[in-house]
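The next block holds one structure in the form of structure tokens; read it before the comments.
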Amino acid sequence: MDTIMQYAWLIPLFPLFAFIVIVSFGKLLREGAAYIGILATGISFVMALMTFWARFQEGATDVKFPVDWLHIGDIVVRMGYEVNQLNAMMLVIVTLVSLLVQIYSRGYMHGDERFPVFYQYLSLFTFSMLGLVISPNLLQVYIFWELVGVCSFLLVGYYFSKPEAKAAAKKAFIVTRIGDVGLFIGIALLFWWTGSFEYTEIFNAVALGRLEPWMTSLAAILIFVGAMGKSGQFPLHTWLPDAMEGPTPVSALIHAATMVAAGVYLVAATYPLFIASPTALTVVAYVGGFTAIFAASIGLSQRDIKRVLAYSTVSQLGYMMLALGVAGAAGYVAGTFHLMTHAFFKALLFLAAGSVIHAVHTQDIFEMGGLWKKMPVTGWVFLIGCLAIAGIPPFSGFWSKEEILGAAYAAHRYDLLWIGLIAAFFTAFYMFRLFFLTFTGKSNSDEKSKVHESPATMTLPMIVLAVLAVVAGFINMPFAPTLHEWLLAGNVGEAINDIFGEAEGHSAVWVQIVAIAVSLLGIWLAYLIYVKKSVSDRIISSPLPWLYQLSYRKYYIDEFYHYVFVRPLKGLGYVLNLFDRYIVDGLVNLVAKIAQGLGRLHAYLQNGQMQTYGLVVLVGLVLILIGFTAQGGVPFGK
């Protein structure tokens, strides 16, 4: 088992190797590039499974393999890798979802003229996320963190000929950079105060009281700012729905197990820093709670199938942050558990949405309908995904969501508990609104006769994810909390228990009953409106049109940013450009013009014509004589 973990560093290198091969021979491989990417990611998945099992069998001690990289005085900066409970689980999630997305993309992207380029980007993206997960220190995390951002820019802007895709790629890159600045400052401050980038040394410094409370709070909040950018927390969430301009497999990869998971993973990986600061935990909890209900309320009115899922992702990420923010063992396990289950059912939903879009050639759910008979496999897996995200037992989403609510209840954060329940109602309603409008009723599309089920390369990954969406929650049920006990057996669990003590990971029975009832109520209301039609779908928009418009226009956050930040910054840039062009460049050009003028004058005088030189001498002599004469003459010979 030890030998397997000693070779865990190879897991990210196989996708990197695939990237290099496809870059080098992509034009020759054409669509064969898919098999290179799939094979490499498949090997990484097998190794990740073996590493996970080895980590599961081992004791509580984390496995680290550092290598000295830089020596700065007495400070040693190391590179390497680490295997602990959290990243062993993340390695499996990332490689599995990436593998299924690559298999799915073989059918979805068939015929695309830039097919090898797409697999280049997927392979590099997978390498970047795996490198981030396995990193043993914050410096290495930051390197891969930025590489993940670059890859997301490339994937979101894959259809670069579309203005919307170009704008979405730039928006994703710029907005996440705002969070990255916070992360960079936080890492720099921790290095300044502790003299190390290593997780272990930073956590020891905090535990020994070498950092003042305000230092710990500031560093934790700055790290969380970085997580807010990548994980789409309010107010840095606006890039994530626009990222839907990329191909649907990209949406599944970014919104399920890779980029958006990076922020939640970072908070969980640095959790000993957060639990030492009640202020930082409070910030995480309430930002997460607000994001959960805020994004869910926007998802209620969206018409684009992928944007509904995008706001669902933002909401679920808010759930995870809420759980991590309520502190204690229950919150830590609940947040990371939901990270795992969400990866499966959200990837499933995006891939199923891609199957629908592939068949009907539209993303407007009001132009769909009646697809159940035409696409039975897609219909069933989409239903499973909806039941999982709505929190209906025994699907995986129920077990992780009830644990989040249980963590809030155990921590006596009753306001966050009610926020979670309301967000659960919204989630169940808009997801089944999406399901009923897409798969039931009559078709609203002229393409109905041409609609057919997707090929096996697309349906097989969806079926695998559907199975996981059903069974993944069983590893942490109240009567068999295997994941709960295992996650808390490592160093992070010891730090949590030292501060908060042992805690139960599941809620009171009445909380579970209320959570199920709330979700069923949301499904029932969606059924009455969109299937039975016994309740008008204008029940809110007619009496309160302004409220509907607020939700549909996403609370005008994008417009607010445009007029408050984008336009003023563009105006400032225009003024600075004028200053640079006419003042800075003007002075430089003036000096150049003077030098050129003097040079031309000199060149004109020295033209090589003897008659001109003789004329100049004669004129000079005449002028001298005139000068002497004007002064009364100068006698010669003196």
- Query: Mind checking which residues of the stretch 1-35 are β-branched (Val, Ile, Thr) and surrounded by fewer than 24 Cβ atoms within 10 Å (Cβ to Cβ)?
  - Reply: THR3, ILE4, ILE20, VAL21, VAL23
- Has the stretch 188-198 got any residue that is assigned to a helix (DSSP H, G or I), modelled with pLDDT of 90 or more, touching a Phe, Trp or Tyr at 6+ places or on another chain (Cβ under 8 Å) and open to solvent by 50 Å² or more (accessible area, probe 1.4 Å)? yes
- Message: Can you find, within the stretch 229-238, the residue that is nearest to VAL156 (Cα to Cα) among those that are over 9 Å from the mean Cα position of the chain (by Cα) and not β-branched (Val, Ile, Thr)?
- Response: HIS237
- Every pair of residues 6+ apart whose Cβ atoms lie under 9 Å, when the first sits in the stretch 31-57 and is within 20 Å of ILE4 (Cβ to Cβ) while the second is among the polar types (S, T, N, Q) and open to solvent by 20 Å² or more (accessible area, probe 1.4 Å): ALA54/THR3; ARG55/ASN84
- Task: Under 8 Å between Cβ atoms, at least 6 apart or on separate chains: pull out the pairs that start in the stretch 244-255 with a residue that is under 18 Å from PHE127 (Cβ atoms) and end on any residue that is open to solvent by 10 Å² or more (accessible area, probe 1.4 Å).
- Result: PRO249/TYR108
- Just for the stretch 199-232: of the residues that are part of a loop (DSSP other than H, G, I, E, B) and of a type outside the set (A, V, I, L, M, F, W, C), which one is nearest to GLY335 (Cα to Cα)? SER231
- Which one is least open to solvent (accessible area, probe 1.4 Å) among residues in the stretch 610-619 that are out of contact with any helix residue (DSSP H, G or I) (no Cβ under 9 Å at 6 or more places or on another chain) and either at pLDDT 85 or above or among the polar types (S, T, N, Q) (or both)? VAL619
- Message: Condition first: small (Gly, Ala, Ser) and more than 24 Å from PHE398 (Cβ to Cβ). Now tell me which residues in the stretch 516-542 satisfy that.
- Response: SER534, SER536, SER541, SER542
- Specify which of the listed residues (ALA410, ALA390) is modelled with pLDDT under 90, crowded, with 21+ Cβ neighbours inside 10 Å and of a type in the set (A, V, I, L, M, F, W, C). ALA410
- Query: Hey, any hits in the stretch 276-294 for a residue that's within 30 Å of GLY379 (Cα to Cα) and open to solvent by less than 10 Å² (accessible area, probe 1.4 Å)?
  - Reply: yes
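The values are calculated or read from the model by the stated rules, or taken from the named source; none is laboratory data. These figures come from a predicted structure and were not determined experimentally. In this analysis, Cβ positions are derived from the backbone assuming ideal geometry, glycine residues included, and neighbour counts consider all displayed protein chains. Surface areas here come from the heavy atoms of the whole protein model, side chains and all, with no ligands, DNA or RNA. Shrake-Rupley method; radii C 1.70, N 1.55, O 1.52, S 1.80 Å.
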